Structure formats: structure tokens, C-alpha cells
Amino acid sequence: MTFARAVRGRGRSLAMLALVTATMMVVATTVASAGTIRLPKNGVEKPPAANLTETGSTLLYPLWNLWAPAYEHAYHQVTLTTAGTGSGTGIADAASGTVNVGSSDAYLSPSVVQATPGLLNIPLAISYQAIVYNIPGLNAHLKLNGGIIAGIYNGKITNWDSPAIARLNHGVKLPSLPIVALHRSDGSGDTFIFTQYLSKQVAAWASGPGFGTTISFPAISNGLGENGNGGMVTGCQATPGCIAYVGISYLTQALGDGLGYAAIANGVGQYLLPTPADAEVEAAGFTRATPANEAISMVDGRIHGGYPIVNYEYAIVNKHQASASTATAVRSLLEWAVNAKFGNNHGFLSQVRFDPLPAPIVAKSLRQILSIR
């Protein structure tokens, strides 16, 4: 990186920090004027003594493992227990009150909102997904699109040297190796966004099996179910010929296990690798469209230069907590998480390849956080 480019990057980061800080001050003033909650200058309420629990998304789990000790160090009176159990469990446990915070790669479905109207989905960061494979001896990023991936998962494309794959990858020597399609067997936000991508790219997939945190994948002889992102990576590493979808925070592990990853077709036909910059471009295209409740799909927008499998990482929280003190502790934790000086800082997010929230999304997340009582 040149010095000039480094300076530009630092300037951009400082400008973003200033914008987020200003946005938080506006939100705090707006809320305070209603006579409810006044945020301190640092944007984070001082929590009472509390034991908080979080569970859910295995994609968010590595970030929570960075956040938890840092937050506990800042606020010694709080203990935060985290667990990676899958987005489906995170949503269910938050809805039942089993945990204070459920983590999910998927926003709440209308049926869940109807059943539990007090449940919020609050973006904490921007993430994205990689399509990885185990093809021994291949040193190239294959190009794959929704039609080919759907063909693999419905059993119509069974070998890596199939004509459909070869046509997209001129000059790449593809082996005559059977493809083994891995999918998540647990309720998974990664399944949610992966099958949204297939549904948006392939009309036949949208008609069925469609998308969701849990779907009925086609019954094919070369399909395997795995539990969690970690299971997808280790299962693929142990299975030559595999293909798997994994959250970006597990890409480093996947590469360490010798797996490759694909360039994926976006909504305007570009083939892009999963990078923070291209994920940021995709997410930026949805910033203005994000509603007040922040439930939105950012998958496969028709955005030039945007990587297509991108999502908000959500905290699923009931706005009605068991007590006022618990509500304050939950708000404090989430205020810290979305604050660019703290949890949404590049120092945390870059370790798991996430992108920070744009300032307008921070403002919307804060409005939801401040509604927790």
C-alpha cells in the first residue's frame, strides 16, 4: 500500500468515525428530548451489575468472543456468556426469553414478528458469505453462478468437470471428481442468505425449495448435512470434491484447511470474490432502502461492484426485558457494539472480515436499542 493510499484510507476511517459519533449525538438528543434516556458523551450507558447471555449465529460467534472480554474489561460489573448454536436457536431463545440476546444472520420472518411482536432485529455489523470447495490440486478461483450452484444442490450437476462449470471457467483444468454438496443441518442464517441467493438467481429454486433458516434441501445421493460453520469447514476439508457455503468469519480457517473459494456472479453478471470492499459496496446500495425495523435482504442486488451474498448481522432482542436493570445492561451492551469507537471499530471487525455499519444504519439500530425497556 502506498503512503498516499494509506493516508486516504485513514482519512476515510476518521471521517466515518466523526459521522457516526455525530449521528449518535443526534439520536441521543432526540431520545432525550422525549424525556426517556440520555446517553452519556461516549454513547454507552453505564450498566448495572448483570449476568447477560447471548446465543445463536455461529458466524457472529467469533466476533462475540472478541467483544465479550473487551466489554467486560470496560464494565467489570457485567458478565457476558456467549454460545454459537445457530441463528434458528438464537431467534427461538430470544423469543422465549431464555437468553438476553439472540444472534442471527437472518432478519425476523413475518410469522415470527406476528407471534412475538415485541421482538427486535438490530443490525450490529455487515457480513457476507463465501462458497468454498475442496478440489485437490486446483489453484484457481472458480467462477460460479446461482444456476450452477442450484444445479449442484438439486443433483443435476454432479462432477466438477461438467460442461456447465467448464463453460464459465475457460482454461481451468477441471478434474473428473464427484461433487459432494454440504448444507447446514441446524437452523442457520447462513442457509437463509445462501438460499435467498439461489432463489433470486434461479426462478425454479424460488418456487421450491425456496429460502429460510431451515429448508428441505433436495434429497440427492451426494448431499451431506453439517452442524454450524465450523462443521461445514471441517466437513469440507475431510471430503474431496465438496462444496459448502460458509460465513466469512470462517474463511481464514477454510484457507488453512486447504480449501479454495469461488468468484460469485452478482445481479449485474459480474464475478466477484468475497472481499470487505465489495461487500461494503453491496451494503451501501441498500442503506437508504433499509426500513426503520431494519429487516431487509441485501442479497443479489443489481449493484455494480457489489459482492452478492451480503447481510446484516442481527441482535435479536425482546424490547420488554425482565427488569429495568436488565434492560439497561442490554442497551449498554448493544450501544457499545454498534459504536465505532468500541465494538464497531475496525480493530475488532477486521479480525473476522466484517464491515462496520454505515452511519445511517447505526442511527436506526440505536433507535431500536433505546426502545428496550
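The values are calculated or read from the model by the stated rules, or taken from the named source; none is laboratory data. All values reported here derive from a predicted model rather than from experimental measurement. Every residue, glycine as well, gets a Cβ built from its backbone with ideal geometry; the counts of neighbours run over all protein chains shown.
With respect to GLY208, is the statement that it is over 27 Å from GLY306 (Cβ atoms) and in contact (Cβ under 8 Å) with a residue 40 or more places away in the chain true? Please lay out each step first, then the result.
Values: over 27 Å from GLY306 (Cβ atoms): yes; in contact (Cβ under 8 Å) with a residue 40 or more places away in the chain: no.
Spelling it out, it is not the case that GLY208 is over 27 Å from GLY306 (Cβ atoms) and in contact (Cβ under 8 Å) with a residue 40 or more places away in the chain.
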Among the candidates GLY155, GLY137, residue that is farther than 30 Å from HIS346 by Cα and in contact with a Ser or Thr (Cβ under 8 Å, 6 or more places away or on another chain): GLY155
Residue match in the range 294-303 (condition: over 21 Å from ASN344 (Cα atoms), assigned to a loop (DSSP other than H, G, I, E, B) and in the same structural domain as SER87 (by TED's automatic domain parsing)): no
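So, in the range 248-264, of the ones that are more than 13 Å from GLN129 (Cα to Cα) and not polar (S, T, N, Q), which residue ends up surrounded by the most Cβ atoms within 10 Å (Cβ to Cβ)?
The first filter runs over the range 248-264 and keeps only residues more than 13 Å from GLN129 (Cα to Cα), leaving 253, 255-260.
Going one step further and asking which of them are not polar (S, T, N, Q), we end up with 255-260.
Working: LEU255: 14, GLY256: 10, ASP257: 15, GLY258: 10, LEU259: 21, GLY260: 18.
Looking at residues that are more than 13 Å from GLN129 (Cα to Cα) and not polar (S, T, N, Q), I get LEU259.
Among the residues of the range 257-276, are any in a helix (DSSP H, G or I), under 28 Å from VAL172 (Cα atoms) and among the acidic types (Asp, Glu)? So that I can check it myself, show each step before the final result.
The initial filter retains those residues of the range 257-276 that are in a helix (DSSP H, G or I), namely 276.
Those still in the list that are under 28 Å from VAL172 (Cα atoms) too: 276.
If we keep only those that are among the acidic types (Asp, Glu) as well, we get none.
No, every residue in the range 257-276 fails to be in a helix (DSSP H, G or I), under 28 Å from VAL172 (Cα atoms) and among the acidic types (Asp, Glu).
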So ASP93, is it assigned by TED's automatic domain parsing to the domain that holds ALA363, farther than 17 Å from HIS320 by Cα and either at pLDDT 95 or above or surrounded by fewer than 21 Cβ atoms within 10 Å (Cβ to Cβ) (or both): no
Top-ranked residue in the range 108-144 [being over 19 Å from the mean Cα position of the chain (by Cα) and of a type in the set (Gly, Ala, Ser); ranked as nearest to THR275 (Cα to Cα)]: ALA140
Criterion: polar (S, T, N, Q) and either touching a Leu at 6+ places or on another chain (Cβ under 9 Å) or in the same structural domain as ALA363 (by TED's automatic domain parsing) (or both) - qualifying residue of GLN237, GLN270: GLN237
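I need the helices (runs of 4 or more DSSP H) fully contained in the range 42-144, keeping only those with at least 2 residues that are out of contact with any Phe, Trp or Tyr (no Cβ under 6 Å at 6 or more places or on another chain) and closer than 27 Å to MET232 by Cα. Before you say what the answer is, go through the steps one by one.
Numbers: elements: 61-74, 87-96, 110-115.
Helices (runs of 4 or more DSSP H) meeting the threshold: 61-74, 87-96.
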Number of the condition not met by ALA315 [criteria: (1) within 15 Å of the chain's Cα centre (by Cα); (2) not charged (D, E, K, R); (3) not assigned by TED's automatic domain parsing to the domain that holds LEU52]: (3)
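Kindly establish whether THR55 is modelled with pLDDT under 90 and at negative phi.
Numbers: modelled with pLDDT under 90: no; at negative phi: yes.
It is false that THR55 is modelled with pLDDT under 90 and at negative phi.
So is VAL281 in contact (Cβ under 8 Å) with a residue 12 or more places away in the chain, more than 20 Å from SER371 (Cα to Cα) and more than 13 Å from the chain's Cα centre (by Cα) or not? Step through it out loud before you land on a result.
Details: in contact (Cβ under 8 Å) with a residue 12 or more places away in the chain: yes; more than 20 Å from SER371 (Cα to Cα): yes; more than 13 Å from the chain's Cα centre (by Cα): yes.
Judged against the criteria, VAL281 is a match.
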Matching residues in the range 307-322 - criterion: being of a type in the set (Ser, Thr, Tyr) and over 21 Å from THR82 (Cα atoms): TYR307
Every pair of residues 6+ apart whose Cβ atoms lie under 8 Å, when the first sits in the range 298-314 and is on the phi > 0 side of the Ramachandran plot while the second is part of a loop (DSSP other than H, G, I, E, B) and aliphatic (A, V, I, L, M): ASP300/ILE309
Condition met for LEU272 (under 18 Å from ASP190 (Cβ atoms) and either touching a helix residue (DSSP H, G or I) at 6+ places or on another chain (Cβ under 8 Å) or not basic (Lys, Arg) (or both)): no
Number of positions in the range 323-350 that are touching a residue at least 60 places away in the same chain (Cβ under 8 Å) and more than 20 Å from ALA94 (Cα to Cα): 10
Where SER176 falls short, out of the listed (1) more than 30 Å from ASN339 (Cβ to Cβ); (2) surrounded by 18 or more Cβ atoms within 10 Å (Cβ to Cβ); (3) among the hydroxyl-bearing types (Ser, Thr, Tyr): (2)
Leading residue by the ranking (surrounded by the fewest Cβ atoms within 10 Å (Cβ to Cβ)) among those in the range 50-80 that are closer than 13 Å to VAL330 by Cα and in contact with a helix residue (DSSP H, G or I) (Cβ under 8 Å, 6 or more places away or on another chain): THR79
Residue match in the range 148-159 (condition: more than 20 Å from THR239 (Cα to Cα), touching a helix residue (DSSP H, G or I) at 6+ places or on another chain (Cβ under 6 Å) and not in a helix (DSSP H, G or I)): no
